[in-house]
Structures are given as C-alpha cells and as structure tokens.
Amino acid sequence: MTSHALEPAEQELLTLSRQLLDAIAVGDWATYERLCDPSITCFEPEARGHLVPGMAFHKFYFDLGAASGPRNTTLVDPHVRVLGDSAVVSYVRLVQRTGADGRPATATFEETRVWHRQNGQWRHVHFHRSENG
Ligand code: GLY
C-alpha cells in the first residue's frame, strides 16, 4: 500500500482503478467504457508487442462474456502519482482463479495505468500490462 496518508485525489484514483478491474472481472462493458477515454492506448500481452489505440480491441473481450468460475483480484502495493491533471497508478495485480483441472492458480500482472482529468472527471487514457508468471 502507498506508505503515506492518501490525498483525496489519490484515494479517488485507487477507487477508480479498482472499479476498472472489477468491471473487467465481471465483463461490465458499460462501466469500463465510462471510465476510459475513447482514444485510450495500451500495451498488453494480447496486443503482441503493439501499441493499440481505441476501445474496440478491449470490447472484443467483453463481448466474449466474463470468465467462468470463481476469481478474485488483488492490487498489491499500489502507488499513485498525481501530476496536475494527469496521474499514474502502478501496482501488481494478482488474479486467483481455478484452472482447467479445478485447482487454484494465481496469475500475476505488472500494471501501469495513466489517468487524465477531463471536465472534472478522471478518464483512463493509457495502460501497460506485463504478465509475470
Ligand atoms: N484489457 C483491458 C484492461 O486491462 O484495461
């Protein structure tokens, strides 16, 4: 966890990041779309080394529906850096789930998410996710 008392903007950004990950976990496209700028860019393993712009790439996965089976997402040691009307949120994301054999498995991702305050509201504008086992 961030080692100092969180400023209100930092707490808000952590809450929004949590909402974003919860929306991904349950396949809630409306919430994901509301939190993101339409011109969002990303690097993530699914993009195979390319910087992908826009929302269509992400909607593809939401349209497949939420993953079945129990899962639990934990943000480990999140760090928030507010830079005026922009902010960077970094953390390790642990996703616990059951594998094909029914046994529990944990996936680990390093994530950096960039937010931009637009008309008083934080919108997600870029992220980089690396899978780490
Ligand atoms: N792949 C969607 C996200 O991590 O925001």
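By how many nm would the segment from GLU7 to ALA107 lengthen if fully extended, with 0.36 nm per residue of separation less the alpha-carbon distance?
Length difference between fully extended and current span is 33.0 nm.
Using θ = phi - 60° and the Karplus curve 6.51 cos²θ - 1.76 cosθ + 1.60, what whole-Hz ³J(HN,Hα) does each residue of segment 61-70 get, with Gly and Pro shown as x?
My calculation for segment 61-70 gives 6, 5, 5, 6, x, 5, 4, 7, x, x Hz in order.
So in segment 8-131, what percent of DSSP beta bridges are antiparallel if you round to the nearest 5?
So the antiparallel bridges amount to about 90 percent of the total.
Percent of alpha carbon pairs in segment 49-110 separated by more than 20 Å?
Percentage above 20 Å: 54.
Under a 10 Å cutoff between Cα atoms, tell me which one of VAL80, VAL26, VAL52 has the largest fluctuation in the Gaussian network model of the chain.
VAL26
Collect residues whose amide H, placed 1.01 Å from N in the peptide plane, falls under 5 Å from the amide H of CYS36; neighbours closer than 5 in sequence don't count.
HIS124
Give the separation of the Cα centroids, segment 1-70 to segment 87-107, in Å.
Segment 1-70 and segment 87-107 have Cα centres spaced 15 Å from each other.
Using only the alpha carbons of the chain, what is the convex hull's orientation-averaged projected area in square nanometres?
Approximately 8.5 nm², given one-decimal rounding.
Coordinate-derived values only; no laboratory data. Because the structure is a prediction, the values reported are computed rather than measured.
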